1. Hey, could you check the stretch A:103-123 for residues that are surrounded by fewer than 24 Cβ atoms within 10 Å (Cβ to Cβ) and touching a helix residue (DSSP H, G or I) at 6+ places or on another chain (Cβ under 8 Å) and say which is nearest to A:E217 (Cα to Cα)?
2. Considering each of B:F387, B:F374 in turn, give the residue that is among the aromatic types (F, W, Y) and either within 14 Å of another protein chain (Cβ to nearest Cβ) or within 15 Å of the chain's Cα centre (by Cα) (or both).
3. Report, by residue number, each residue of the stretch B:78-113 that is more than 19 Å from the chain's Cα centre (by Cα) and not in a strand (DSSP E or B).
4. Could you identify the single residue in B:L280, B:L261 that is buried (at least 24 other Cβ atoms within 10 Å of the Cβ), within 12 Å of B:L298 (Cβ to Cβ), outside the structural domain of B:A371 (by TED's automatic domain parsing) and out of contact with any Asp or Glu (no Cβ under 6 Å at 6 or more places or on another chain)?
5. Of the residues in the stretch B:184-210, how many are facing another protein chain (nearest Cβ under 7 Å), among the hydrophobic types (A, V, I, L, M, F, W, C) and in a loop (DSSP other than H, G, I, E, B)?
6. Working only within the stretch B:428-446, note down all residues that are of a type outside the set (G, A, S) and either outside any helix (DSSP H, G or I) or touching an Asp or Glu at 6+ places or on another chain (Cβ under 8 Å) (or both).
7. Go through (1) within 16 Å of the ligand (Cβ to nearest atom); (2) away from chain A (no Cβ under 14 Å); (3) out of contact with any strand residue (DSSP E or B) (no Cβ under 8 Å at 6 or more places or on another chain) and name the single condition B:A361 misses.
8. Among the helices (runs of 4 or more DSSP H) confined wholly to the stretch B:320-427, which include 2 or more residues that are of a type outside the set (F, W, Y), modelled with pLDDT of 90 or more and surrounded by 21 or more Cβ atoms within 10 Å (Cβ to Cβ)?
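The values are calculated or read from the model by the stated rules, or taken from the named source; none is laboratory data. It should be emphasised that the depicted structure is a prediction, and the values quoted were computed from it without experimental measurement. Don't worry about glycine lacking a Cβ; one is built from the backbone with ideal geometry, like all the others, and counts go over all protein chains shown.
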Amino acid sequence: MTSTRHEPATLDEMAATIRTHRAAGVRLIGAGTKPALVGHAPDPSLQTARIGEILLSSRRLTGIVEYEAAEFTITARAGTPIRALDDALAENGQSLPFDPPFAGATLGGAIAAGLAGPGRVRFGGVRDFVLATTWVDGHGRVLRSGAKVVKNAAGFDLPKLLVGSLGRLGALAEVTLKVLPRPRVQQSARFCFGNFTSAYEGLVRLLQSPLELDGLEMVEDATLLVRLGSPSHASSAPRLARLGRVLGIPPDSIAADDEGATWRAMAACRDLQPEGCETGALIKVALSPRRIPELEAILRSASWARRYSAGGAVAWIAVPAAHYDRARDDASLEALDRHLASLALPALVVRGAHLGEARRRDPRLGHRPGDNLLARIKRVLDPDGVLPPLDCSPTA
Amino acid sequence: MATPPRTQPLLEALETHFPPARLLRAPAQLVPYESDGLTAFRARPQAVVLPETREEVIEIVRLCHRFAVPFVARGSGTSLSGGSMPIEEGIVIGLNRLDRILSIDPIDRVAVVEPGVINLDVSEAAAVHGLTYAPDPSSQQVCTIGGNVAFNSGGAHCLKYGMTANHVLGLEAVLADGEVVRLGGNSLEAAGPDLVGFFCGHDGLFGIVLEITLRLIPTPEHQQTVLAAYRSLEAAGHAVATVVGSGLLPAALEIMDRHILRAAEAAVGVRYPPEAAAVLIVELDGEHDAVEADFARLESLMQKTGASSLRVARDADERAQFWKGRKSAFSAVGRLSPQYLVQDGVVPRTRLAETLVAIEALSEHYDIPVANVFHAGDGNLHPLILFGDDDRLAEAEALAAEILALCVRLGGSITGEHGVGMEKRAHLPDMFGPEDLAMMAALRRALDPLEIANRGKMFPGGEAPALSSRGPHPLEIAGIASRE
Ligand SMILES: Cc1cc2nc3c(=O)[nH]c(=O)nc-3n(C[C@H](O)[C@H](O)[C@H](O)COP(=O)(O)OP(=O)(O)OC[C@H]3O[C@@H](n4cnc5c(N)ncnc54)[C@H](O)[C@@H]3O)c2cc1C
């Protein structure tokens, strides 16, 4: 039951592929760094694709289409690697403000997955920076939504709808993003609290303070990792000292040489899934600071690796593959699903080898607000289920 | 529409739910609802119903659906695009009585509010926690959060902080066929499609928003504000590109041209450099030390933009003075010309200077003065077409249409924050192709099969006449707010 892979090189080819293979069904992939989201297992023997199903990769749909640095907007094709985009922006002292966590991903994959890295604490998430999209829906129609300027109130906001759409509503071909200056100087420090409660209180204090942080992560051993950025070459030392005063403990500064690498590792969740050991599932929970203690209690008892990211807007959890099944009930993926649902927290399996059929169909876990609206939208954009399904209940 | 509206049975059904004081039928009671901020045009609805709870709103919408009668949700009726203008064969659902702030959570930094809550009241309620609600339309003393959500409204400080949609984390709404949806929550993030973002800016076409979870931000601890004068509007436009291109992130970056300056001087007694053909207000806010460091850079940058003078606000009073001229600009313009049209197009920021030159040329060509006061940092224009008296309305509309066409040609938008509403429906196809429009119409029908929610708005065609905005809004005459 292998499926065929198509790699269109133009927008028209992409649309034609979807139209031609409507009966077979089409799964969209970027670089394939997040197989769980695609619902496509990397191991062909485990593939659940329907017979003859097409894997539509945007891998060859690459390149920057428009980039005027002074405008702070960039338009690129969906298959452009995030890394390439970031390099082009860096040449002009700019960067993607939502800090996409997986540099190996494609632009389309990053938008469709809706994932932001630690930097989102300062400037916002993917939804805050997507201005316009060229895309193909389940009918195979080429659509152009939004406007390539930083402000627009004309028409429905389809570009936002496609953020996090997981390849279930349409295929992204081109995306216009708002970008921001890359901070010239960044300095970071650790604040080690010794116990969870004090670290959590410190996090809340920082969030309520007028301090503008470029990064605020709460790592497992009751440590806050804090980043300060500045567009000027002014030293951050006084601001770091001020942080120490707010938190009541002195900062443990991170050497300038290690600073960038530390945050790149955080973004890619290397603390939870070391390079080369990406077995098991990586899960994103959409969180708010108030809910951290409740979630922490559950995760601690299951002893899963975890981090509270971007000022508590996200929890990242690593679930070892050995825990997928129901053998150890309280620590299974199914148990996590139930816990998250009871806490009304939405979550997503972002990476995960050897997931079961159901998880590959719909990688969402826990709470699913608005599924009745989503079902209606899906019926308009992909009525025949050409793209993979979302398990959203039809209108009650 | 397949089903003809059955207004009489709807009104009879509403009578069993609502006392006469909340179901307005008499012509005299309906007059205040006949128009919105697009003041020159009116339509009298069959009735205005004033619910007080979310359950009542849901019941009304279900009845409207049952009897196929169109409805228009209305907050404070300050829409500048005719978005809340009534439909003659339908009813208006007035939401001002759903005005409770349900909760404020200082840890999650959110406020949960009903749709009729006034924008400014959110910041006032959050202030005790050191928090504020960032989107600040100039109508913020009167406009409602429900209206802001419908249009994805903006304001001067949206340059740094983003529009309404960037500050809405969750919402509950009743779709036009009566089903209730709850989207998002307290998290800044989601897992799955951004349904909340999709719902913002729906122009009132999906249904009625019942409850909104708003993101609050810590009140910035420090500001620096500078006022720079230029000898030409074009030079000011270039200065905007310089500031934007520098990588500094001002909280606000606004332009006023000579028409506005003279009008503001006469109206509120502020003084601007006499040689100024345009003035730029640039404001930085945030952490004290960071603002000071950035401000040093901004000052030296501004000196290189060819400003004829630079003034830095020495204290909060002087800062308030700078903003007073800006905020009163629209009402002040009423002194120059009682009749004017307001446009809301957007152009790329690097094309601002040439756009302003082109607008000046159009103004000369039509021999109608055009005043400019707008959100320059976002490239969001607000040309005020001062056409003097009624005989020149047609020419003024032609001039307005040319400005919109120019915005689209430069790769921009026909509206940055006022919404399409009724006024700009004819221009929506300038931005979107037939398939895009068909897809949007299909989405709308999926949420509103009978097309009863704000029928006749946003999409081209439909029954209503072409409209334009003329003259000061009653609120401006009362000095409460100004259009921008
Ligand atoms: C003097 C003045 C200054 C202004 N300044 C600005 C500015 O700086 N920036 C800016 O962006 N706009 C500005 N505006 C425009 C206007 O204030 C905004 O569009 C505002 O958001 C409208 O709010 P409202 O409560 O008056 O809504 P209304 O005018 O009553 O309604 C606006 C739209 O929202 C819909 N609606 C209202 N409530 C709901 C609900 N609960 N659910 C679903 N749909 C709903 C209506 O049907 C309508 O389509 C200004 C207007 C005036 C008159």
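1. Of all residues in the stretch A:103-123, those surrounded by fewer than 24 Cβ atoms within 10 Å (Cβ to Cβ) come to A:103-105, A:122-123.
Subset that is touching a helix residue (DSSP H, G or I) at 6+ places or on another chain (Cβ under 8 Å): A:103-105.
Details: A:A103: 19, A:G104: 22, A:A105: 22 Å.
That would be A:A103.
2. Numbers: B:F387 fails: either within 14 Å of another protein chain (Cβ to nearest Cβ) or within 15 Å of the chain's Cα centre (by Cα) (or both).
Answer to the selection: B:F374.
3. B:I87, B:E88, B:E89, B:G90, B:R97, B:L98, B:D99, B:R100, B:P106, B:I107, B:D108, B:R109
4. On the way: B:L261 fails: within 12 Å of B:L298 (Cβ to Cβ).
The unique qualifying residue is B:L280.
5. Let us first name the residues in the stretch B:184-210 that are facing another protein chain (nearest Cβ under 7 Å), namely B:184-195, B:197-198, B:200-202.
Among the residues that remain, those that are also among the hydrophobic types (A, V, I, L, M, F, W, C) are: B:188, B:190-191, B:195, B:198, B:200.
The next check asks that each one be in a loop (DSSP other than H, G, I, E, B); those that pass are B:188, B:190-191, B:200.
Number satisfying all stated conditions: 4.
6. Keep residues of the stretch B:428-446 that are of a type outside the set (G, A, S), which gives B:428-432, B:434-437, B:439-440, B:443-445.
Scanning the stretch B:428-446 gives B:F432, B:M439, B:R444, B:R445.
7. (1)
8. Working: elements: B:329-333, B:352-366, B:393-409.
Hits in the stretch B:320-427: B:352-366, B:393-409.
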